[in-house]
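These notes concern the structure reproduced below.
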Amino acid sequence: MREFTHKTASIEKKLPFKRGKDVYIGKGVQIIGKGLIEIGDRTAIAWESILISDNHDWRNDINTTIEAPIKIGSDCWIGSRCVILGNVEIGNKCVVGAGSVLRGKFPDNSLILGNPAKIVKKNIRVGVK
């Protein structure tokens, strides 16, 4: 894989953002929020996916947002139109099916699908060159 960010992708300028080597960010991807977003090496994020690293503080002040970091491991594939919410950790060599909505922690080598997203298969083999 080679380093690529589509011209229509949007990464919020003030966002704390760490990007590994050879990360692919597809058409219309939006990366927004206040919390740190980390993307590991050789990870691909398909078109129109959204990563949101903050939440409204609805318990105290609905008009305030609080940081909610996102960490995506290396050698992952995030399918198109996924929504990755704050406080998500995706391990290395995971595949996330198109249209999935993620919240929580997912271990290495997982196939993740659905809304809400769930692990449907563990110990998958992801081909990486």
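The values are calculated or read from the model by the stated rules, or taken from the named source; none is laboratory data. Remember, it's a predicted structure, so these values are computed and weren't measured experimentally. Glycine gets a Cβ as well: all are built from the backbone with ideal geometry, and neighbour counts include every protein chain shown.
Results for (1) in contact (Cβ under 8 Å) with a residue 24 or more places away in the chain; (2) of a type outside the set (K, R), shown as yes or no for each residue.
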{"position": "V88", "(1), (2)": "no, yes"}
{"position": "G91", "(1), (2)": "no, yes"}
{"position": "G97", "(1), (2)": "no, yes"}
{"position": "L102", "(1), (2)": "no, yes"}
{"position": "K105", "(1), (2)": "no, no"}
{"position": "D108", "(1), (2)": "yes, yes"}
{"position": "G114", "(1), (2)": "no, yes"}
{"position": "K118", "(1), (2)": "no, no"}
{"position": "N123", "(1), (2)": "no, yes"}
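With respect to the numbered conditions (1) at pLDDT 95 or above; (2) out of contact with any Lys or Arg (no Cβ under 7 Å at 6 or more places or on another chain); (3) surrounded by 15 or more Cβ atoms within 10 Å (Cβ to Cβ); (4) more than 21 Å from R19 (Cβ to Cβ), which one is the sole condition not fulfilled by S110?
(2)
Give me the residue from the range 1-28 that is surrounded by fewer than 18 Cβ atoms within 10 Å (Cβ to Cβ) and of a type in the set (F, W, Y) and, out of that set, farthest from G91 (Cα to Cα).
F4
I31 passes all but one of (1) of a type outside the set (D, E); (2) assigned to a loop (DSSP other than H, G, I, E, B); (3) crowded, with 16+ Cβ neighbours inside 10 Å; which number fails?
Looking at each condition in turn, I31 falls short on (2).
Give all pairs with beta carbons closer than 8 Å in which a residue from the range 31-47 that is under 19 Å from A68 (Cβ atoms) meets a residue that is modelled with pLDDT under 95 and of a type in the set (A, V, I, L, M, F, W, C); count only pairs at least 6 apart in sequence or on separate chains.
From the range 31-47, the pairs are I31/L15; I32/L15; G33/L15; K34/L15; K34/I66; I37/L15.
Would it be correct to say that K14 is more than 25 Å from M1 (Cα to Cα) and in a strand (DSSP E or B)?
Working: more than 25 Å from M1 (Cα to Cα): yes; in a strand (DSSP E or B): no.
No; evaluated as a whole, the condition is false for this residue.
Anything in the range 94-129 that is under 23 Å from M1 (Cβ atoms), assigned to a loop (DSSP other than H, G, I, E, B) and within 13 Å of the chain's Cα centre (by Cα)? List them, or say none.
Matches in the range 94-129: C94, G97, A98, G99, S100.
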